[in-house]
Amino acid sequence: APAGRRFADVLAELTGRPALAAQLPEALPAHGALLAGDFAGGADPDDFFRDRVEERQPLRARIVLLRDRPVGGLTAAPAARELALGHDTAISELEPEEGSELEALAELIAVTDFATVYLALAGGAQA
């Protein structure tokens, strides 16, 4: 949960893109409506005749699952994956390598910080 909140906060701050953090399974009903709105992957099919040079692509939702080791082997990740795929929404999953909880947290923060700075620089921000 701390890595997810940090990722959402830093992503919104550095890239100017909206980002939400929530834990599973609570996130499914809480944020599921976003996948059916204007940000949904299937909301506006790509117009073949769109001017790809002058018209920017619309902002689309992407689910990023930061996986930790589930207690008791139970996880809501398959339900989140199914929900995303059912709405043509891109999904990425990050699961840390074996190690302590501190090592897992550090790995998730390092990878998401790198991705955030990369997106900020690709978007023209001065990070």
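The values are calculated or read from the model by the stated rules, or taken from the named source; none is laboratory data. This structure is a prediction, so every number in the text was calculated from the model and none was measured. All Cβ positions, even for glycine, are placed from backbone atoms using ideal geometry, and neighbour counts span all protein chains on display.
Miscellaneous remarks
- Exactly one residue out of 37, 86, 41 is at pLDDT below 70, of a type in the set (Gly, Ala, Ser), out of contact with any Gly (no Cβ under 8 Å at 6 or more places or on another chain) and surrounded by 10 or more Cβ atoms within 10 Å (Cβ to Cβ), and it is 41.
- Where a residue in the stretch 1-28 is more than 24 Å from residue 102 (Cβ to Cβ) and its partner, wherever it lies, is among the polar types (S, T, N, Q) and crowded, with 17+ Cβ neighbours inside 10 Å, with Cβ under 9 Å and at least six apart: 13/116; 14/116; 15/116
- Candidate set from the stretch 85-127 (those that are β-branched (Val, Ile, Thr) and in a helix (DSSP H, G or I)); member that is farthest from residue 4 (Cα to Cα): 117
- Matching option when the condition is modelled with pLDDT under 85, surrounded by 12 or more Cβ atoms within 10 Å (Cβ to Cβ) and part of a loop (DSSP other than H, G, I, E, B), among 60, 52, 69: 60
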